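Right, one structure below, let's go through it.
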Amino acid sequence: MFFPLLVDNVLMPLNTIIFLHDGRLRAGWRVFLGVAVAMAANWLAAIIARLVTAGHSLLVFDLVYRPLAMALLIGGFCLLLVLADGVNENLLAAQGLGSRIAGGKRWWQDALLGIAIGMGLITAAVAVLAISGHYSSHASFTPRAMLIGGPVLAILVAAAMAEEVMFRGYPFQRLVEAIGVWPAVLALSALFAYVHWLNPHASAWAMVNTVTVGVLLAIAYLRTRALWLPWGIHFGWNAAMGFIFGLPVSGLDFSVLVKGTATGPQWLTGGSYGLEASALGTMVILLGFLPVLILIRRGEPLPPHGEGSFSDGAGAPVV
C-alpha cells in the first residue's frame with residue numbers, strides 16, 4: 001500500500017517536474033546545465049592557458065585561452081544537445097552555427113553583413129569624434145606590430161564567438177523555451193553586462209549600454225535563427241574600435257598598428273572604458289537596431305514558451 005502511494009503522490013509528480021513526457025529534461029534544467037557547462041569551459045580553458053603560457057605575456061595567454069574557451073563551449077553544448085535534448089545530428093546547426101541558415105543563405109553572408117554593421121557603427125562614432133576634434137591617432141607599422149596584428153585579430157574572432165555561443169547560444173535558446181522570448185533576452189543581456197562589469201574602468205553607463213548591445217545581438221539571433229549575424233556585429237564592433245581605430249574595447253587595449261586617443265568629456269568618449277561607456281556609444285548602439293530590423297528578413301515565429309519545443313537544424317526552437 002505504501003509503495004503505490006509513494007509512486008502516485010511523490011515520485012510521479014517529482015518526475016514531471018524534472019522530465020517531459022518524451023523523457024527529455026525540462027528546459028529550465030537544461031538552462032542550468034548550459035550555465036554549468038559555460039562556467040566549466042571558461043574555468044578549464046583559463047587553467048590550461050595559465051599552465052601552457054606561464055611566464056609569457058597576456059597576449060600569449062589570450063591567444064591560448066580565447067580559442068580554447070570557444071572550442072570547449074561549443075563541444076560542451078554539443079554534448080548537452082545529445083544527452084539532454086535528444087539531438088543526434090547537425091549539432092553545430094542546432095546551436096545556430098550551421099553552414100546554411102534561414103532563407104537558404106550561407107553562413108558567411110550573415111557573418112559579413114554583421115561585420116559591416118559593427119564596423120559601420122564604430123566608424124560613424126569615431127567620425128563624430130574626429131569632426132568635433134576629439135579623436136586623434138598615429139599608425140605604427142613596425143615589424144613587431146605587424147607580427148602581433150594577426151594574433152590580436154585571432155583573439156578578437158575567438159572572443160566574439162565564445163561570447164555569442166555563451167549568451168546567444170544554447171543557454172539563451174533553452175531559456176527562450178522555458179520563460180519566453182523577451183524575459184530570456186533581458187535576462188541574458190543583463191548577465192552579459194554583469195560579466196563586462198568585471199572589466200577595467202567599467203561604469204553604470206557602460207553597463208546600460210552593454211545590456212542594450214545584448215538586446216541588439218539577441219534580436220540579430222532571433223531574426224536569423226543563427227549566431228553568424230550577431231557574431232559578425234560583435235567582432236566587427238570590437239575589431240573596428242580596438243584594431244582599426246586603436247580605442248579601448250570594454251576597458252581592454254587591442255591597439256597594435258594604430259594608437260587612437262579620444263579626448264573630451266567622459267560622457268562623449270567613455271574615458272578609459274571606451275565608447276561603450278558614452279552617450280555617443282548609446283546613440284550608435286540604438287542606430288544598430290535599424291539595419292538588423294530592416295535588412296534582415298524575420299524568421300519563422302517562435303512558439304509560445306513551453307516544454308514541447310527543441311532545437312531544429314537552424315538553432316530555432318520549434319514545436
For residue 81, which of the numbered conditions (1) aliphatic (A, V, I, L, M); (2) within 30 Å of residue 24 (Cα to Cα); (3) outside any helix (DSSP H, G or I) fails to hold? (3)
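Has segment 98-118 got at least one residue that is more than 16 Å from residue 224 (Cβ to Cβ), touching a Ser or Thr at 6+ places or on another chain (Cβ under 7 Å), of a type outside the set (S, T, N, Q) and surrounded by fewer than 22 Cβ atoms within 10 Å (Cβ to Cβ)?
Taking segment 98-118 as the starting set, the residues that turn out to be more than 16 Å from residue 224 (Cβ to Cβ) are none.
No: zero hits.
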Candidates 136, 57, 99, 132 - the one that is modelled with pLDDT under 95, among the polar types (S, T, N, Q) and under 30 Å from residue 277 (Cα atoms): 57
List every residue pair whose Cβ atoms sit under 7 Å apart, with the two residues 6 or more apart in sequence or on different chains, where the first one lies in segment 31-50 and is closer than 14 Å to residue 165 by Cα and the second, anywhere, is modelled with pLDDT of 95 or more and open to solvent by 30 Å² or more (accessible area, probe 1.4 Å). 38/166; 41/72
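The values are calculated or read from the model by the stated rules, or taken from the named source; none is laboratory data. Small disclaimer: the values here were computed from a predicted structure and weren't measured. Every residue, glycine among them, receives a Cβ derived from its backbone with ideal geometry; neighbour counts consider all protein chains shown. Quick note on the areas: whole protein, heavy atoms, side chains included, nothing else; ligands and nucleic acids left out. Shrake-Rupley method; radii C 1.70, N 1.55, O 1.52, S 1.80 Å.
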